[in-house]
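Heads up, the thing below is written out as C-alpha cells.
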Amino acid sequence: MTIVRCLLQGVATTATIMTAAMGAIVLSAGSAVAAGDMELGRYLASECMTCHRAGAASGPIPNIYGMNEKRISYLLKGYRDKSLPNDAMQNSAMRLKDGDIESLALFFSKTSKP
Amino acid sequence: MSKISRRNFTRLAGASLATLSTPLFAPNVLGQAKPKLVVIGGGPGGGTLAHYVQKDAAGAIDVTLVEPQRTFTTCFFSNLYIGGLRNFNSITFNYDKLSQRGVRMAHLMAASIDRDKKQVVLAGGTRLPYDRLAIAPGVDLKFDSVPGYSEEAAQIMPHAWKAGPQTQLLASKLNALKDGDLIVMVAPPNPYRCPPGPYERVSMFAHVLKKKGFKKSRIVILDPKPAFSKQAVFAEGWEKHYPGMIEWQDPKMHGGIKNVDPKTGEIKTDLASYKAALANIIPAQMAGKIARDAALVDPSGFCPIDPENMKSKMDANIFVLGDACIAGDMPKSAFSANSQAKVAAMVIRSELAGARAFPARYSNTCWSLIETDDAIKIGAAYEPGEGKIKQASGFVSQKGEAADIHKQNYKESVDWYAGIVADIFG
C-alpha cells in the first residue's frame with residue numbers, strides 16, 4: 001500500500017507538471033487517443049467519481065481530473081493487468097476494454113475538478 | 001483541432017440518431033415543455049440521481065427532488081460518530097448546493113404516487129406531474145420482528161439504523177456506561193441496510209469502552225444469521241484489539257430471540273437472559289412506505305427492478321434506487337445506491353433528452369473500521385446477468401494482512417466519504 005500511495009502521489013504531481021503541456025500532447029498523441037469517446041468517458045467516469053470526486057493532489061485516492069491523458073491510460077492498464085497494486089482499482093479496471101480506458105483518459109484529461 | 005472537431009461531429013451525430021430512434025419522447029425533445037423528472041428521497045440514491053441528471057442534462061430536464069428534511073445525516077460513517085472519531089456535523093449535509101445547481105427542492109413529504117396520472121401527491125395535496133419518477137425511500141423497520149420491541153421502545157433501546165436523533169441517542173447511552181455494564185446488540189436478519197454495519201458498530205462500541213479504560217464490560221451480539229459480512233477479518237480484529245470483550249452468538253448458540261423488555265433492559269433468548277445497560281436492537285427491514293403504498297414491492301417487502309436500467313418491474317415509468325430495491329448480488333449500501341443512480345441517470349437522459357445510452361454497470365465497496373487506523377474492506381463489480389444484477393468480480397480483506405494495509409484502507413475510506421457526499425449533495 002505504501003507503494004501504491006507513493007505511485008499515485010507521484011502521478012498526481014506529474015499530472016500537475018504536465019497540465020501546461022497537455023494540449024500539445026493531445027494533438028500529437030495519434031490514433032490511440034483519437035479513439036476516446038467523450039460521452040462514453042463521461043458515463044464510465046461516474047463510477048470513478050464516487051471515490052475520486054473530492055481527491056486532493058496527493059492522498060490515498062488522489063484527484064484525477066486534468067491528469068495527462070496518456071498517464072491515465074497507462075495507469076488503468078496497469079491496474080487491469082494487476083501490475084499495479086490496489087484491489088479496489090484492480091477490480092474497477094479489470095472489466096475495462098481498451099476503448100473504455102481511452103474514453104476515460106480523454107474525459108478526465110479534458111475535465112476540470114467539479 | 002481537426003481531431004476534436006471530428007469527435008464533436010461524432011457526438012452530435014450520435015445524439016441525433018438517438019433522438020430519431022426514440023420517437024416516443026420526440027415532443028419533449030422538441031421543446032414544447034421540458035420533460036419532468038421527480039425524485040423522492042434525498043439520500044445516496046435520490047441525491048445522486050437528481051445531481052447527475054441536472055448536471056449532465058444541462059437544463060434539458062426539469063428535476064425536482066422531494067425530501068421532507070432540510071438536512072440529511074448519513075448512516076454511512078455514523079458508526080464513526082458513535083465511536084467518537086467524527087462529530088455529528090461532519091456527517092450531516094444540506095441541499096443548498098443541489099438547489100444552486102438547479103435542482104428544484106420540495107421539502108415536503110411525498111404522501112402518495114398516482115401512477116395512472118403520473119403524479120406525485122405531496123403532503124397538503126400539491127400534485128407534481130412527472131414523465132419519469134425515481135424513488136429512493138430507503139428502508140422502514142419492522143419493529144415487531146423482535147418480540148417486545150416497538151417504535152416507543154426504540155427511545156430506550158435505540159436501533160440507530162436511520163441516522164439522526166437515534167444515532168445521537170445511542171452515542172449518549174454508550175458514553176454514559178460504567179465499567180462492568182453489559183451491551184447487547186440484536187443484529188438484523190437478511191436482507192438489511194449495510195451488511196457489515198452492525199459489526200463495525202460493535203467495533204466502535206468496543207473502541208469507546210477500551211478508550212475509557214473499562215476492563216469488565218462486555219458486548220454480546222445476538223445474531224439471527226449463521227454468518228456475516230467480512231466475519232473472519234472482523235473476528236481477527238476483535239481478538240487483536242479487544243480480546244475477550246466481544247461475544248458473537250449465531251442462532252445455534254442463542255436459540256432465538258424470545259423477548260426484549262425496554263423497562264428492565266432484559267433480553268431473553270431461548271437459552272439465556274441478559275440484563276443490558278445498553279441494548280441496540282436492529283430489527284428486520286422493508287422498503288420505505290411510499291414504495292409499499294404504491295404497490296411497487298413484491299412479497300419480500302422490497303422492489304423488484306430491471307437490472308438493465310433500475311426501472312421498477314411494476315411500472316416502467318418509475319425507477320427504484322438504493323436500499324428499497326432488490327439489487328440482486330449488490331448489498332444495500334450507500335455506494336450501491338450511488339452506483340445505481342448513475343445507471344438510472346444515464347437511462348433517464350437517454351429517454352427524456354435524447355442522450356446516448358450505454359450498457360448498465362455497477363460497483364460497490366464497503367470499508368469497515370475496527371479500531372483507529374485499522375479498517376477492512378469488501379468490494380465488487382456488477383453487471384446485468386441471469387435476470388438480476390450479478391456480481392462479475394470482487395475482493396475482500398483477508399486474515400493476516402499487514403497493519404499498514406489496514407491503515408491505508410482507513411485513509412481510503414475517509415477520501416471515499418468526502419467523494420461520495422460531494423457526489424450526492426453537490
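Worth pointing out:
- Residue within region A:84-95 that is closer than 30 Å to B:GLN54 by Cα, outside any helix (DSSP H, G or I), more than 8 Å from chain B (Cβ to nearest Cβ) and at pLDDT below 95 present: no
- Counting only strands (runs of 3 or more DSSP E) that fall entirely inside region B:325-401 and contain at least 3 residues that are farther than 30 Å from B:HIS241 by Cα, the qualifying elements are B:374-385, B:388-396.
- Taken over region B:360-376, the criterion of being within 22 Å of B:SER333 (Cβ to Cβ) and either without any contact (Cβ under 8 Å) to a residue 60 or more places away in the chain or surrounded by fewer than 18 Cβ atoms within 10 Å (Cβ to Cβ) (or both) is satisfied by B:ALA360, B:ARG361, B:TYR362, B:SER363, B:ASN364, B:THR365, B:TRP367, B:ALA375.
- Breaking point among (1) over 13 Å from B:LEU278 (Cβ atoms); (2) touching a residue at least 40 places away in the same chain (Cβ under 8 Å); (3) in a loop (DSSP other than H, G, I, E, B), for B:LEU177: (1)
- Test: residue in region B:274-281 that is basic (Lys, Arg) and either under 23 Å from B:GLU371 (Cβ atoms) or in contact with a Phe, Trp or Tyr (Cβ under 8 Å, 6 or more places away or on another chain) (or both): no
- Boolean, A:ALA57 is more than 10 Å from chain B (Cβ to nearest Cβ) and at pLDDT below 50: no
- Against the numbered list (1) in contact (Cβ under 8 Å) with a residue 40 or more places away in the chain; (2) farther than 22 Å from B:ILE420 by Cα; (3) surrounded by fewer than 24 Cβ atoms within 10 Å (Cβ to Cβ), B:PRO331 comes up short only at (2).
- Checked against the criterion of being free of Cβ contacts under 8 Å to residues at least 60 places away in the same chain, more than 14 Å from chain A (Cβ to nearest Cβ) and not polar (S, T, N, Q), the candidates B:VAL297, B:VAL347, B:VAL320 yield just one match: B:VAL297.
- Residue in region B:198-213 that is buried (at least 23 other Cβ atoms within 10 Å of the Cβ), in a strand (DSSP E or B) and not aromatic (Phe, Trp, Tyr) present: no
- The requirement of being at the interface with chain A (Cβ under 8 Å from one of its Cβ atoms), more than 19 Å from A:LYS97 (Cα to Cα) and hydrophobic (A, V, I, L, M, F, W, C) is satisfied by B:ILE405.
- Selection of region B:299-324 for residues being part of a helix (DSSP H, G or I) and of a type outside the set (D, E, K, R) yields B:GLY322, B:ALA324.
- Residues satisfying the stated conditions in region B:377-405, i.e. among the polar types (S, T, N, Q) and either touching a Phe, Trp or Tyr at 6+ places or on another chain (Cβ under 7 Å) or buried (at least 21 other Cβ atoms within 10 Å of the Cβ) (or both): B:GLN391, B:SER397
- Residue that is surrounded by the most Cβ atoms within 10 Å (Cβ to Cβ) [pool: residues in region B:106-145 that are part of a strand (DSSP E or B) and without any contact (Cβ under 8 Å) to a residue 12 or more places away in the chain]: B:GLN119
The values are calculated or read from the model by the stated rules, or taken from the named source; none is laboratory data. Worth saying up front: this structure is predicted, and the values here are computed from it rather than measured. Positions of Cβ are backbone-derived with ideal geometry, glycine not excepted, and every protein chain shown enters the neighbour counts.
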